[in-house]
Amino acid sequence: MPSTQRLALELPAWSAVWADVQTAGRGQASRTFVSDAGGLYLTAVLPYAGDALAARGFALAVGWAVRRVLRRAGFRAVRLRWPNDLMLDTAKVGGILVEQGGPHTLLVGLGLNLTNAPWASDEELKGIAGRLADANQGRPLPERVTLVRQLLQAMAFAHREFGRRRLAGFSALLQRCWGEPREVALEPARGVMLTVARGWFSGIDAGGAVKLKTGTGEVVAVPAHHIARLREV
């Protein structure tokens, strides 16, 4: 299968596409998402009211809901990394991609590394990517069909809750999902000059801006659209 996002493009709301392998998986900013056998690749098609501003930050709500499923499955150490990554310690084990499908649909893509080894396909992922199988302490992984069902339910729940809370209402819930404070570096979006580009990640504010704590103890809010990429250092 080339990409679950691509195959879901023309589907109506409340559809889904699931694959065990993708040959053209995509991540944020059209980066390649290695999708080898042993992973789980899923796209849910959800209703969209057409208001891009109101949908801003929805990927974080999806991450919050997916993290709940994984923690209940025994992966208690899973955390979020802004804006759309699922992490175990310093290793990325999953990613979320939200795109508009048709005029009235959102495509919510999720890739999870379960037993696969993406670094075998791309050596640059060594030390960067991880997999959930290495964190289950000998317990069996959740049965795939059951896990897919739970993840789809979580995405629908995130959709409903985000419609009620919006990003401002999620900012406090997300504060418990980032894990321990980590130093980060921000790459500016094109044409943007950041006054503060490095500090300790301190979550997001009600407007979705990334909060950085500087060496002086000052907390600075950087608008999300000013950031091309966040790296942990």
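What follows is calculated from the coordinates using simple rules that are stated; it is not laboratory data. Here the structure is a predicted model, which means the values were calculated and not measured. Here Cβ is always computed from backbone atoms with ideal geometry, including for glycine, and neighbour counts include all displayed protein chains.
A few notes on this one:
- Using only side-chain charges placed at the Cβ, +1 for Lys and Arg and -1 for Asp and Glu, the dipole size of region 157-201 relative to its Cα centre rounds to 280 debye.
- Ordered by the count of other Cβ atoms within 10 Å of each Cβ, fewest first, 126, 211 give 126, 211.
- Label point distance in nm, residue 123-residue 187, each placed 7 Å from Cα along Cα→Cβ: 2.1 nm
- Phi to ³J(HN,Hα) by Karplus 6.51 cos²θ - 1.76 cosθ + 1.60 over region 165-180, Hz, x for Gly, Pro: 8, 6, 5, 4, x, 8, 4, 6, 5, 5, 4, 7, 9, 7, x, 5
- Alpha-carbon Rg/Rh ratio, for region 183-232, with Rh computed the Kirkwood way: 0.92
- Scoring 58-64, 225-231, 137-143 by mean Cβ neighbours within 10 Å over their residues and listing the highest first yields 58-64, 225-231, 137-143.
- Here the 3J(HN,Hα) profile of region 138-150, calculated from phi with Karplus coefficients 6.51, -1.76 and 1.60 at θ = phi - 60°, is x, 6, x, 5, x, 4, 4, 4, 5, 4, 4, 4, 5 Hz, Gly and Pro shown as x.
- Build a GNM of the chain with springs between Cα atoms under 10 Å apart, and of 26, 81, 71 the one that fluctuates most is 71.
- Kirkwood estimate for region 1-101, i.e. one over the average of 1/r between Cα atoms, Å: 14.5 Å
- Approximating the spin labels as points 7 Å out from Cα along Cα→Cβ, the residue 68-to-residue 206 distance works out to 2.2 nm.
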